[in-house]
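Next up is a structure, given as structure tokens.
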Amino acid sequence: MENLAVFIGSSINWIISALALITIVGFAYTVYGVSALEKKIEEDRKKSGGRKEYTQGGIKREADVYTWEDNLNNIEAFNKVQLKYSIFEQFVPIFPLLGILGTVAGIIEHLDNLKEMKVALALSMSTTFYGLIAAILLKIIDAVFVSKSVNKMALFFDTYEQNYQMVKDKHNQEAEKLDNRG
């Protein structure tokens, strides 16, 4: 019986370690993806210099108008990064649960023998400890770096959409005024 408790506790500790590593890699991928997207958007802006719009009043250059249609690919790329981030973000609450599972499995194995219970409890509590440590550290990494980066990019696209809509509405109003005069 004791060997099964040791096996379960050790297995869960390895699972916690592997899952923590996978989550860290996922978080790094997210930060890298958002950073690369920010650089691409900045390069696209520098290259284009704005789109020419031919209106009844003449040629206009609208720096904010050109990029909305061009930015659709960037928005799609960001949505893919954000989707993967949300998957890795959901791993964090699993760590304490895995730790508790290891503790419960170790205790159940030795309920009939209180002497062995002390040894089993010491080993099985390590799974809870590792699970809690992993959850706390990954939650801090997520809060300080990853979600901050993702939220910043989401805010950028939201603001961008609002600005685009305001410019488009203003342009349409100007065009409508010119149509009504003519």
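To the nearest whole percent, what portion of all C-alpha pairs in region 76-182 is separated by more than 23 angstrom?
Beyond 23 Å sits 59 percent of the P(r) for region 76-182.
Under 10 Å, Cα contacts only: if you run a Gaussian network model on the chain, which one of N163, N73, N172 comes out with the highest mean-square fluctuation?
Among N163, N73, N172, the largest GNM mean-square fluctuation belongs to N172.
Let me ask another. Let's test the formula: R0 of 22 Å, r as the Cβ-Cβ distance of L21 and M125. What FRET efficiency results, to the nearest 0.05? Before the final figure, lay out the partial values.
Working: r = 22 Å, r/R0 = 1.02.
Efficiency at R0 = 22 Å is approximately 0.45.
Please compute the modelled spin-label separation between N180 and N151, points set 7 Å along Cα→Cβ, answer in nm with one decimal.
Computed distance between label sites N151 and N180 equals 4.3 nm.
Could you list E89, E42 in order of exposure, starting from the residue whose Cβ has the fewest other Cβ atoms within 10 Å?
The fewest-first ordering by Cβ neighbours comes to E42, E89.
Name the lysines eligible as straight-distance cross-link partners of K115: C-alpha to C-alpha under 30 Å, and not fewer than 8 places from it in the same chain.
none
If you don't mind, there's one more thing I want to ask. Fewest to most neighbouring Cβ within 10 Å: what's the order for T159, T103? Don't jump to the answer; show the numbers that get you there.
Numbers: T159 10, T103 22.
If I rank by nearby Cβ atoms, fewest first, I get T159, T103.
Continuing with the same structure: In degrees between 0 and 90, to the nearest 10, how far off the longest principal axis of the chain does helix 66-89 point, with axes built from Cα atoms?
The angle comes out near 10 degrees.
Kindly put V25, V31 in sequence by how many other C-beta atoms sit within 10 Å of each C-beta, fewest to most.
V25, V31
For a quick check, take a GNM of the chain with Cα springs below 10 Å and name the residue from K84, K40, K170 with the largest mean-square fluctuation.
K170
Calculated from DSSP H runs of 4 or more alone, at -39500 (n - 2.57) each and per residue, what is the 222 nm mean residue ellipticity of the chain, nearest 500?
-30000 deg cm²/dmol
Let me ask another. Need the list of lysines near K84 for cross-linking: C-alpha distance under 22 angstrom, and skip anything on the same chain fewer than eight residues off.
K39, K40, K139, K148, K152
Return one number: the angle in degrees, 0 to 90 and rounded to the nearest 10, between the long axis of the Cα atoms of helix 147-181 and the longest principal axis of the Cα atoms of the chain.
Relative to the chain, helix 147-181 is tipped by roughly 20 degrees.
Once R0 is set to 30 Å, what does the formula 1/(1 + (r/R0)^6) return for the Cβ-Cβ distance between A143 and D169, expressed as a FRET efficiency to the nearest 0.05?
E(calc), rounded to 0.05, equals 0.20.
Every number here is computed from the coordinates shown, using simple stated rules; none is lab data. On a predicted model such as this, the values are computed, not experimentally measured, just so you know. Cβ coordinates were reconstructed from backbone atoms using ideal geometry, including for glycine residues, and neighbour counts include every protein chain displayed.
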